[in-house]
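Trainee: Take a look at this one; I'll ask things after.
The values are calculated or read from the model by the stated rules, or taken from the named source; none is laboratory data. Since the structure is predicted, the reported quantities are computational estimates derived from the model, not experimental observations. Counting neighbours? That spans all protein chains shown, and the Cβs are built from the backbone with ideal geometry, glycine included.
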Amino acid sequence: MTNESSAEAQGRGLPLHTKILIGLIVGIVAGLVANMLGATTKGAGGDANNNGLHDWLDTIIYWAEPVGKIFLRLMFMVVVPMVFSALALAVVEIGDVRKLGRLGLKTLGFTAILSSSAVLIGVGLVGIMRPGHSLGEGQRQKLLDQYASGANDKINKAKEAKPVKDTLVDLLPENPLQEMVGAVDGSSKGNGMLAVMVFALICGIAITTKPEETKTFVGWLEGLYEIAMAVIGFAMKLAPYGAGCLVFTLAAQLGFEILKTLFWFVVTALLGLSLQLFVVYSIVVMVFARMSPWTFFSQVSEAMLVAFGTSSSSATLPTAMKVAHDELKLPPRVSNFVLTVGATGNQNGTALYEGVVVLFLAQVMGVELTASQQFTVVLMSILAGVGTAGVPGGSLPLIVVVMQSVGVPGAAIGIVLGVDRILDMCRTVVNVTGDLAIAACVAKTEPVDMLIAGSEPAPVT
Ligand code: ASP
């Protein structure tokens, strides 16, 4: 993130990701110690049969909880404006992309195929490996008590099967404002956030039909998006303490069992990301770019390493452009365009991860998803992959949105935050490599003399 790098440049303390890592390690170790010492986790003023030590531990847990919640709420509060502005603006940009003709359409086509394959791999793996099922029933109930007030109602509501035809009709909101109101806590009548996303897409399409008349509104949308990003920046500043407190509360309650469950979650996510990276991308570059996967991966390795180190597609963009030019020898007009659009619009690793997290947390919380709800998760994860900012943790608010839409309590995201940072590094590698794979494929299929004048990329920030 820009704030992060400027702070580092001025030598103000440790980099943010190191602070987050320290916060997490301290939170987990302290939580496990508290668990072993027998924290009652009923909070200060709880009815436990306390001695002095238990009182003390419970008071710490009591105060750790709100710090974690404040961190989460900073993200929740900007979910609706962020999703709406990001998606509407993405469509406006795509409107411009279409003006760029075949180059833009091919980029879109590859993006749609690779995002869909990513989400299907992720969702399929969670279905097969069932990482969330390793948690015992007693521990699950503790989690429900912790994260979901009225959880059972929500879960029962989620279990109510809705025919696919109704799900499809509900994609179009009757009253978008009503859907926005209920989008974050999952209390809307229709499809909640998914309906808001569809509304944003339709607004975006409408804007592209009246570009001159809607200039001011587009300016508003850009402002709204920037505000949401700034608030997420505040949340990330709080992340070392917020995420630390969340994992502390969790480890204090569940002890080592949560680590075992998280281990299987990490294995599932990494397996999915590896399949997308090494199998799907290899096939795509072999078939469309006529390149050996070995050559491709060795040529793009610099960008992969920068993506891993920064957890940010946007921060890796300059390196990706350099690699495309110097190593892959792609025409800059093609590669710069594809990479610029892809840094936010094509996030396959993120889309895969979103599907995995939501289904994993549904398993952990004991929410059985119906076929139409799984369809919702797939669709929303693909759309969320388009609307995610290419910054560290950019997908977290959107994951909450997808969770809520299928009845999984949003606060349960705290369960995976402890391991999110390392998985963020890995999914960003998949995101950036996907952009480079698409650039190589599009360049191969695009005759250089057919390139459209004026398709220069937006300046790299
Ligand atoms: N860090 C990711 C990226 O920049 C986004 C995310 O998945 O949070 O590509």
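Trainee: For Leu359, only one of the following conditions fails: (1) assigned to a helix (DSSP H, G or I); (2) more than 14 Å from the ligand (Cβ to nearest atom); (3) closer than 16 Å to Phe297 by Cα. What is its number?
Mentor: (3)
Trainee: Could you check, for the range 280-297, whether at least one of its residues is within 16 Å of the ligand (Cβ to nearest atom), crowded, with 20+ Cβ neighbours inside 10 Å and under 25 Å from Val334 (Cα atoms)?
Mentor: First, pick out the residues of the range 280-297 that are within 16 Å of the ligand (Cβ to nearest atom): 281.
Checking the rest, the ones that are also crowded, with 20+ Cβ neighbours inside 10 Å come to 281.
Next cut, under 25 Å from Val334 (Cα atoms) only: 281.
Scanning the range 280-297, I find at least one residue that is within 16 Å of the ligand (Cβ to nearest atom), crowded, with 20+ Cβ neighbours inside 10 Å and under 25 Å from Val334 (Cα atoms), so the answer is yes.
Trainee: Considering only residues that are crowded, with 24+ Cβ neighbours inside 10 Å and acidic (Asp, Glu), which ones fall in the range 318-375?
Mentor: The one that is crowded, with 24+ Cβ neighbours inside 10 Å and acidic (Asp, Glu): Glu354.
Trainee: For the range 206-237, which residues satisfy the criterion of being closer than 30 Å to Gly418 by Cβ and either loosely packed, with under 14 Cβ neighbours inside 10 Å or not charged (D, E, K, R) (or both)?
Mentor: Step one: filter the range 206-237 for residues closer than 30 Å to Gly418 by Cβ, giving 225-237.
Of everything in the range 206-237, those that are closer than 30 Å to Gly418 by Cβ and either loosely packed, with under 14 Cβ neighbours inside 10 Å or not charged (D, E, K, R) (or both) turn out to be Tyr225, Glu226, Ile227, Ala228, Met229, Ala230, Val231, Ile232, Gly233, Phe234, Ala235, Met236.
Trainee: Please pick out the residue among Thr111, Thr59 that is of a type in the set (Ser, Thr, Tyr) and at pLDDT below 85.
Mentor: Thr59
Trainee: Hey, Gln404 hits all of (1) touching a Leu at 6+ places or on another chain (Cβ under 8 Å); (2) of a type outside the set (Asp, Glu); (3) more than 9 Å from the ligand (Cβ to nearest atom) but one; which does it fall short on?
Mentor: (1)
Trainee: Among the listed residues Leu339, Leu330, which satisfies the condition of being within 16 Å of the ligand (Cβ to nearest atom), among the hydrophobic types (A, V, I, L, M, F, W, C), farther than 26 Å from Thr18 by Cβ and in contact (Cβ under 8 Å) with a residue 12 or more places away in the chain? If you could, list the steps in order and put the result at the bottom.
Mentor: Numbers: Leu330 fails: within 16 Å of the ligand (Cβ to nearest atom).
Matching residue, one of Leu339, Leu330: Leu339.
Trainee: Regarding the range 442-449, can at least one residue be identified that is surrounded by 24 or more Cβ atoms within 10 Å (Cβ to Cβ), part of a helix (DSSP H, G or I) and not aliphatic (A, V, I, L, M)?
Mentor: The answer is no; no qualifying residue exists.
Trainee: Next question. Right, Gly434: small (Gly, Ala, Ser), more than 9 Å from the ligand (Cβ to nearest atom) and at pLDDT 80 or above or not?
Mentor: Details: small (Gly, Ala, Ser): yes; more than 9 Å from the ligand (Cβ to nearest atom): yes; at pLDDT 80 or above: yes.
Yes: the conditions hold for Gly434.
Trainee: Right, another one. Can Thr310 be described as surrounded by 21 or more Cβ atoms within 10 Å (Cβ to Cβ), out of contact with any Asp or Glu (no Cβ under 9 Å at 6 or more places or on another chain), among the hydroxyl-bearing types (Ser, Thr, Tyr) and over 26 Å from Leu105 (Cα atoms)?
Mentor: Taking the combined requirement at face value, the residue satisfies it.
Trainee: Still on this structure, please answer the following. Of all residues being within 16 Å of the ligand (Cβ to nearest atom) and under 15 Å from Gly124 (Cα atoms) in the range 378-399, which is farthest from the chain's Cα centre (by Cα)? Just the residue, please.
Mentor: Per the criteria, the residue is Ile382.
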